[in-house]
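Chemist: The following block contains the structure, expressed as structure tokens.
Taken together, the values in this text are just the output of simple stated rules run on the coordinates, not laboratory data. Please read all numbers here as calculations on a predicted model, not as lab measurements. Cβ sites come from the backbone with ideal geometry, for glycine too, and all protein chains shown count toward neighbours.
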Amino acid sequence: MAIIVATSLDYLIPDLRVHLGDHAEPYKYTLEHLRHCLVMACKTLMYKWRNKYVINSSYIVSRSSAVLFAIASPPIIQYSDERAFILQASIILKSGEIQDSSWNVASWRDDEIAYSNIAGAGTQQKSLLKDIEELELWLRKRLLGGKRQSLPGFKLPENIVEGYK
């Protein structure tokens, strides 16, 4: 793994730690590992947001000049977009952990002792799926915008074909 020094995403690390439940020292995840996940999250979200944010070779994030932002900079990352960065970084981190630990999932028993960590693996999977679902819901709401509704002053007749309602 490449060593990533300070980034403009570092201010999201405490929130990412809270999301992951990594509150107390000694931390489970190193600062470098969380930085790397946030950088990968930015790169992943670039495609979904049509390059709303861009990241350079020094891992500094900036706003795209081609996108109109609701709030002028600073902050570089809009407050409303921070949750997506945290969720995507968490998904990347948890996916890697599940892949890494999948070889250690086992269940065995003899006459006196039984051991199983299958339930723990299932819990990891559910946590990952919860993050994916939340991110997809968040992106759908942000990208699609408003709901379908009638134009003011225009009302469809009641006897119109069902497919048009």
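Chemist: Return the aspartates and glutamates within reach of Lys94: Cα separation strictly under 17 angstrom, same-chain partners fewer than 8 residues apart disregarded; answer none if there are no such residues.
Modeler: Asp15, Asp22, Glu32, Asp131, Glu133, Glu134, Glu136
Chemist: What FRET efficiency comes out for Val18 versus Ser65 if R0 is 30 angstrom and r is the Cβ-Cβ distance? Round to the nearest 0.05.
Modeler: The formula returns an efficiency of 0.40 here.
Chemist: Next question. Net charge within 12 Å of Gly21 by Cβ-Cβ distance, Lys/Arg positive one each and Asp/Glu negative one each, not counting Gly21 itself?
Modeler: So the environment of Gly21 carries a net charge of +2.
Chemist: Sticking with this one: Show me, for region 83-95, the HN-Hα J-couplings you get by feeding each phi into the Karplus relation (A = 6.51, B = -1.76, C = 1.60, θ = phi - 60°), rounded to Hz, glycine and proline as x.
Modeler: Listing the rounded values in order: 4, 5, 4, 5, 5, 5, 5, 5, 4, 4, 5, 5, 4 Hz.
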